[in-house]
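The values are calculated or read from the model by the stated rules, or taken from the named source; none is laboratory data. Given the structure is predicted, the values throughout are model-derived calculations rather than measurements. Note: ideal-geometry Cβ built from the backbone for every residue, glycine included; neighbour counts use all protein chains shown. Side chains are part of the model used for accessible areas, which takes the heavy atoms of the whole protein and leaves out ligands, DNA and RNA. Shrake-Rupley method; radii C 1.70, N 1.55, O 1.52, S 1.80 Å.
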Amino acid sequence: MDRNEQPDDEMTSAPSEEPCAEEPTPDTAPQLLETPKTGASEPAILSADGDGDGDGVGKEWFDRLYSTLDWLPRHPSVWQRLPRRGQQTVVKGINYLLPYQEHRRHLTGRRRPWNTIEVSDGERINVPRLWVVEFFPPSEHENLRRYLERNSWDRAERDQENRKRLDRSRSHVGRSWWRIGGLKQIKSSFFFPDFGEGSLHPSFEAVCLYGHQIGSGTTAVVAEFFVSDEASDHLDQVWRTQHGPELVKRRGMRPLAEDSAWVTMRRTQETRRALHDAARDWMAEKLPGSFASKDRRHSAFDLLLFQTYHPQDDQPPSGEWSASLRALGLTQEFIWLTSDSLPGFVLQRTEPDLCRSMGEAPSWGLVGSLADIPESMVRHRGSDKPWAVSSYVSDVIRSFFVKIALTEFLGELERSYAKLRDSARRQHRQLKGKYAKELQEGLITFSLDINALARDVKSTNEYGLWPDEAMFTMGNAPWVQTKQEPLDYNKVLAEAQTRMASDLSDADRDYREVLTAVSALGASVDAFRVSRLALWVAGATLLLTAVTLAITDVGDHTIWHWLARQM
């Protein structure tokens, strides 16, 4: 199913047996033709009963045009007479029409295992919970207090308000984490103590907010979304549906022919990504922090519960099942992230290069099987098994999600800092004081956050984030022949955070020294320019005074008459 894009300016004669096409990416913003959400997808361009077998001869509008263009390179006597520009135009036309021919073959050819994705009848997927993490360093502290009050989450709980609890936690005398409050869908049957009612995305029944304090200067807010049954069932239905081939039209690019397998992958990943984006958008609107202020997408985590699939199976998955997992954005089959606190579960990060429809934003999935859940995990948590499992998982892994998101956040700071550094040359080129001042104002916020984060990361990694942090190990799957000792993934994250925070702190210190020197030079240049302007003003004033004296009357005559008499 892997395909490579065929250059438009390459000489092409007849289409190969499997012409190449480019896999769609979020950046290309594909404009999909209308297809039903359930059942077999309708063809985007051709119908299944159309004439032609891919040889360029048929009744569609492109058939005769393609056969004409394809005829030219096959006859050297005609082809060599064409100018170079004409040959390039013919090649581009052939390449543009290749996806239409490929789409015809997808429609009329028989299905093969490698171009279809089939899920077994007894398998289902359930997504009961989804988490999104936002960070509030010192520069965003006042925004956090203001939005807590604006959204009516600043309510009393155990005789202590959220803002007071926040201030106490940031001064090392409060709790390391606390529940901020919750919101449920208007007129929803969802029940949870002291949840208010408000407008939520239709995919969610409710959202619960938790505050996690990192050191004394950084607060993380975790939004736990309760996914509705309809949204979870929709993802399951899209995943299990036998989609038909589609022709994707993309703005400014040639169309893309997708067989049944690629359509299933794209549609399923887009459905899962839509859940993540809905949660991210709600967080950016209701409680914007550093991710939102930098126009970055939050780290998102969801719980994926299969009916029969065992993520920690001793045998490798088949090729067909690997394709089904990839359709959901799960591709890390050889390296497992596991925890003794969550038996039977595997944590996976979506790889954007293999799952392009999931986007570039960090997306993680905790994968488990309802058949492997021990009784001790769901005891006293209700009769609904997915609900009971997700409640247990939330209590165990929520703090670890914050630790992963903190690593992603430091990575975003590195990228933002690099952008600020690279723009310094343009601002410093003329050594103008106002440019240095603008850069200094942007850098002071960065310096405040980076230095606070460096201290917070050091303290949390030395003493632990909080007592209930889940411990994860990273190791190879049992069937991988190359064996190596499992790594303490918590330690790996801690070391990465310490290194990134230290590098950012050192770079900030060095850059501020350079900025101080540049600011002094800029101030000197501005002072020189001001003094030079003052000289010009003084000269103009002297000239104006001389002219005024020249035309001023002294008695009955001007000053020039008086000077003439004196001489």
Inset, instruction - Starting from the Kirkwood radius over alpha-carbon pairs of the range 188-230, derive D by Stokes-Einstein at 25 °C in a medium of 0.890 mPa s and give it in µm² s⁻¹. - result: 203 µm²/s
Inset, instruction - Mind giving me the FRET efficiency for residue 353 and residue 197? R0 is 35 Å, r the Cβ-Cβ distance, nearest 0.05 is fine. - result: 0.25
Legend entry - Accessible area expressed per residue, the range 308-361, with surrounding protein chains retained (probe 1.4 Å, Å²): 43 Å²
Inset, instruction - Once you have the Cα-Cα distance between residue 536 and residue 294, take 0.36 nm times their residue separation minus that, and quote the gain in nm to one decimal. - result: 82.6 nm
Legend entry - Difference of contour (0.36 nm per residue) and Cα-Cα distance, residue 80 to residue 179: 28.1 nm
Inset, instruction - Based on the mean of other Cβ atoms within 10 Å per residue, sort peptides 313-320, 63-70 so the most packed one is first. - result: 63-70, 313-320
Inset, instruction - For the range 341-396, give the percent of accessible area contributed by carbon and sulfur heavy atoms, probe 1.4 Å, rounded to a whole number. - result: 47 percent
Legend entry - Environment charge of residue 389, counting only residues whose C-beta is closer than 12 Å and scoring Lys/Arg +1, Asp/Glu -1: 0
Legend entry - Carbon/sulfur fraction of accessible area - the range 185-310, other protein chains in place, 1.4 Å, %: 48 percent
Inset, instruction - Compute the signed sum of charges (Lys and Arg +1, Asp and Glu -1) over the other residues within less than 14 Å, Cβ to Cβ, of residue 374. - result: 0
Legend entry - Å² of accessible area per residue within the range 237-303, as computed with a 1.4 Å probe and no ligands counted: 29 Å²
Legend entry - Karplus-derived 3J(HN,Hα), 6.51/-1.76/1.60, for each residue of the range 195-201, Hz, glycine and proline x: 7, x, 10, x, 8, 10, 4
Inset, instruction - Rank-order 354-361, 535-542, 331-338 by packing density, defined as the average count of other C-beta atoms within 10 Å over each peptide's residues, highest first. - result: 354-361, 331-338, 535-542
Inset, instruction - Beyond 19 Å between alpha-carbons counts as too far, so tell me which of 184/286; 92/249; 286/419; 403/458; 294/419; 164/294 fall in that bin. - result: 286/419; 164/294
Inset, instruction - Report the calculated FRET efficiency for residue 237 and residue 340 (r = Cβ-Cβ distance, R0 = 35 Å), to the nearest 0.05. - result: 0.50
Inset, instruction - Starting with the highest mean, order 78-87, 130-139, 393-402 by the number of other Cβ atoms within 10 Å, averaged over the residues of each peptide. - result: 130-139, 393-402, 78-87
Inset, instruction - Using only the alpha carbons, work out the radius of gyration and Dmax of the range 180-255 in angstrom. - result: 19.2, 55
